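Since the structure comes first, as structure tokens, the remarks are kept for the end.
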Amino acid sequence: MANSQLYPFERNRYYPGKMLTTADFQAEQSYHINKLRFLSSLMYGAGIVCGCTVVNLDDLSILVESGVVIDGTGREIIIDSSTVKKLSAIEGFDQLQTDSAVLCVRYKEKDIHSVYAVSHKESDQEYEFNRISEGFEMFLIDKDDYNEGFSMEGEFLQSEFLFKSANFEGTLIFPTTVCKGRNVKAMIKVTKLSDEDVKLSYKGVLDIPSFSSPEGTEQIDIEIDDVDLRKNGIFTKDVWMHCHDNGGIESNIILRSGSAQAFENDKAISVENSFAMKVRLTEEAPQALIGRELGRLSLEMRQTMGSDAIMLAEIDLMRTDSAYVIENIREPKVNQYIDLPSQNATRNEYMEFFDKEVDIFGAGKEKKAEPSSSTIPLPAPASSELKNVATGVLEIPLGREAKAGDIRYSGEITHGLGSGNVYVSIGYEYLSQDQALGASAKSTVYGNPDLFSRQSQQLVDAETAVRVLNDKGSFVVAAKLLHDVDFLVLTYRWVAIKFPSGEELEAEDYYGKSITAKTPTVVMRPRENYYFGVQFNNMDPCSITYELTAPGSGEVSVDGVYTAPAKEGVYEVRIYCSDMPMVCTYAYAIVKTTATESDPGSIAEQEKEPIVKIPDIKL
């Protein structure tokens, strides 16, 4: 790649009496040119800015529309007018070895405007070029020879083979790090490797401890039917799951042993029997996670990502010894259009037609701005520790002639915690100027605001009371003014806390609840892995803890992946709810060096589940 090293930057240093030479003026130009290109490569990356669409005019010719491209070193490539070309007249056509080609464009400079060199010597040229034109050139290359450069996918995503044959290759792609409490996607990618006319079918089962499928289970069935592709064609299928918000820092995506099958035209092909893909879990939000991963790229890594050739289109040819026909033109799957800040307003306007936040694990919900009327309570926090707490803001209108002694009421407000014993507290909320921040700051006073009246003239002295409607799950607030005010509305922050009743404290946490292992007994080989999934009975899914009941029983991870020891035997795993240790069950691993699915008590034949008895609790 020409001129790929743009830094370090050096400027001319001027001083009285300095003699300027051609090298000095060239250094002056290079400094500003390279600085601009360096910033463009960092801010925008490489790709198409606008235009550059490739159209098939006839069997032999193409049209490349005008547009702008930025290459890997930040150089602008401007195709100032639409260009019609015969494919055979483009550089590189004669060197094509296959029927799948890539049309690329790259930056090219050209010396122009020949002038007489006044001070030339006899050994020098009599004429010199006075200008440099920044242009471009297009060329063709075999698709297999096109270098896409370093891909961020290798850092952010991981993959495992599902199957591979002479005709197809299948992989499972998944992020290396996943955000807790968020949805995440696994992608099944199938690539056609040959020209043979065959169809592919595949099925398998993924065990997903620390995750749940849209159906609420800890497994996902993968099924692909009759995939028919051309050579180098790609088929993808997305599989969504939800990451639990638990205390773990690592989990696994496991291809269940013996569950995978693949067929080409009803003929079985070899598949990957099992694997365990390790996944890190983080408390970060997806945007923060991606921003951190992108920010970790060094200059050397960024430089390897760039390329001086930008793909405009993929072209499929039908060729004979003496002729060719353009069969198809496809837009590239790399070097996508660059997002420009100048287009944000238009992009946001168009996104309003599509910007719908869909929860695949529940009903869809549109994104909305915060309501101007704040009598609607804020949703309760998602954390299980705060499931009995809700908060929100309410307003009490006073009118224009509110006097001391007047009593005003809020509307009936639903706190969202349901019926029962609920405590509600309110505090007066106002804005004041904070000298430390140098800006307006929001404050809330719980109790008597009159105690802070000397510090802020914006406080309203009022006596308040809350009436909680226990059976209706709502409350009403009353405010009595102690002084005349010219306010039109009083704003209060409210906090509601639900307390369990005595009976609930004694028995509700355990009564009728149980867990069972989905496969209580499993036959395994030494050092083999197996995931013990859990079924919840009469209770919501909760955090689960796994432990071995005897030393030397192998290993079990925090998410339930059991690794058998090297020694044969029967080993016990205790499984219990982390917050309710009394709710527990047991699973057993029979470790044999010749374990098969036909052995008595194996996975295929074991259907019984042990019943976990909960001690009788008097109500």
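Results, tabulated for the structure shown:
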{"read-out": "Scope the range 534-553; condition under 35 Å from the mean Cα position of the chain (by Cα) and surrounded by 19 or more Cβ atoms within 10 Å (Cβ to Cβ); matching residues", "value": "Val534, Ile544, Tyr546"}
{"read-out": "Restricting the range 43-58 to residues that are surrounded by 16 or more Cβ atoms within 10 Å (Cβ to Cβ) and assigned to a loop (DSSP other than H, G, I, E, B), the residue that is nearest to the chain's Cα centre (by Cα)", "value": "Gly45"}
{"read-out": "Of the criteria (1) over 17 Å from Met311 (Cα atoms); (2) touching a Lys or Arg at 6+ places or on another chain (Cβ under 6 Å); (3) at pLDDT below 90, which one Ser100 fails", "value": "(1)"}
{"read-out": "Exclusive hit being out of contact with any helix residue (DSSP H, G or I) (no Cβ under 8 Å at 6 or more places or on another chain) and hydroxyl-bearing (Ser, Thr, Tyr), set Ser82, Ser41", "value": "Ser82"}
{"read-out": "The range 231-250 - residue that is out of contact with any helix residue (DSSP H, G or I) (no Cβ under 9 Å at 6 or more places or on another chain) and among the charged types (D, E, K, R) and, of those, surrounded by the fewest Cβ atoms within 10 Å (Cβ to Cβ)", "value": "Asp238"}
{"read-out": "Single residue of Tyr510, Tyr562 found to be surrounded by 14 or more Cβ atoms within 10 Å (Cβ to Cβ), modelled with pLDDT of 85 or more and not β-branched (Val, Ile, Thr)", "value": "Tyr562"}
{"read-out": "Residue identified as under 17 Å from the mean Cα position of the chain (by Cα) and farther than 28 Å from Val558 by Cα among Lys231, Lys267, Lys237", "value": "Lys237"}
{"read-out": "Subset of the range 183-216 [among the polar types (S, T, N, Q) and not in a strand (DSSP E or B)]", "value": "Ser194, Ser210, Ser213"}
{"read-out": "Qualifying residue in the range 161-179 (condition: assigned to a loop (DSSP other than H, G, I, E, B), among the polar types (S, T, N, Q), surrounded by fewer than 17 Cβ atoms within 10 Å (Cβ to Cβ) and in contact (Cβ under 8 Å) with a residue 40 or more places away in the chain)", "value": "yes"}
{"read-out": "Verdict on Gly92 being farther than 21 Å from Ile48 by Cα and not hydrophobic (A, V, I, L, M, F, W, C)", "value": "yes"}
{"read-out": "Any hit, the range 299-315, residues being farther than 30 Å from Gly135 by Cα and either in a loop (DSSP other than H, G, I, E, B) or without any contact (Cβ under 8 Å) to a residue 24 or more places away in the chain (or both)", "value": "no"}
{"read-out": "Residue list for the range 122-133, restricted to those being exposed (fewer than 14 other Cβ atoms within 10 Å of the Cβ), of a type outside the set (Phe, Trp, Tyr) and at pLDDT 75 or above", "value": "Gln125, Glu126, Asn130, Arg131, Ile132, Ser133"}
{"read-out": "Residues being of a type in the set (Asp, Glu), touching a residue at least 60 places away in the same chain (Cβ under 8 Å) and touching a strand residue (DSSP E or B) at 6+ places or on another chain (Cβ under 9 Å) - total across the range 226-254", "value": "1"}
{"read-out": "Residue among Ile62, Ile112 that is touching a Lys or Arg at 6+ places or on another chain (Cβ under 9 Å), in a strand (DSSP E or B), exposed (fewer than 14 other Cβ atoms within 10 Å of the Cβ) and of a type in the set (Val, Ile, Thr)", "value": "Ile112"}
{"read-out": "Which listed residue is more than 40 Å from the chain's Cα centre (by Cα), modelled with pLDDT under 80 and surrounded by fewer than 12 Cβ atoms within 10 Å (Cβ to Cβ), from Lys608, Lys613", "value": "Lys613"}
{"read-out": "Unique match (being surrounded by 15 or more Cβ atoms within 10 Å (Cβ to Cβ), polar (S, T, N, Q) and touching a residue at least 24 places away in the same chain (Cβ under 8 Å)) among Ser194, Ser270, Ser257", "value": "Ser257"}
{"read-out": "Which listed residue, of Asp145, Asp228, is surrounded by fewer than 14 Cβ atoms within 10 Å (Cβ to Cβ), on the phi < 0 side of the Ramachandran plot and modelled with pLDDT under 85", "value": "Asp145"}
{"read-out": "Residues that are modelled with pLDDT of 90 or more, of a type in the set (A, V, I, L, M, F, W, C) and either within 14 Å of Asn529 (Cα to Cα) or out of contact with any Cys (no Cβ under 7 Å at 6 or more places or on another chain) (or both), drawn from the range 567-583", "value": "Val570, Val573"}
{"read-out": "Residue that is surrounded by the most Cβ atoms within 10 Å (Cβ to Cβ) [pool: residues in the range 76-85 that are out of contact with any Phe, Trp or Tyr (no Cβ under 9 Å at 6 or more places or on another chain) and either of a type in the set (A, V, I, L, M) or farther than 28 Å from Asn130 by Cα (or both)]", "value": "Lys85"}
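Results for (1) of a type in the set (S, T, N, Q); (2) at pLDDT 90 or above; (3) buried (at least 17 other Cβ atoms within 10 Å of the Cβ), shown as yes or no for each residue.
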residue	(1), (2), (3)
Asn3	yes, no, no
Pro8	no, no, no
Arg13	no, yes, no
Gly74	no, no, yes
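The values are calculated or read from the model by the stated rules, or taken from the named source; none is laboratory data. Computed from a predicted model, the values in this text were never measured in an experiment. Neighbour counts are summed over all protein chains in view; Cβ atoms, including those assigned to glycine, are modelled from backbone coordinates with ideal geometry.
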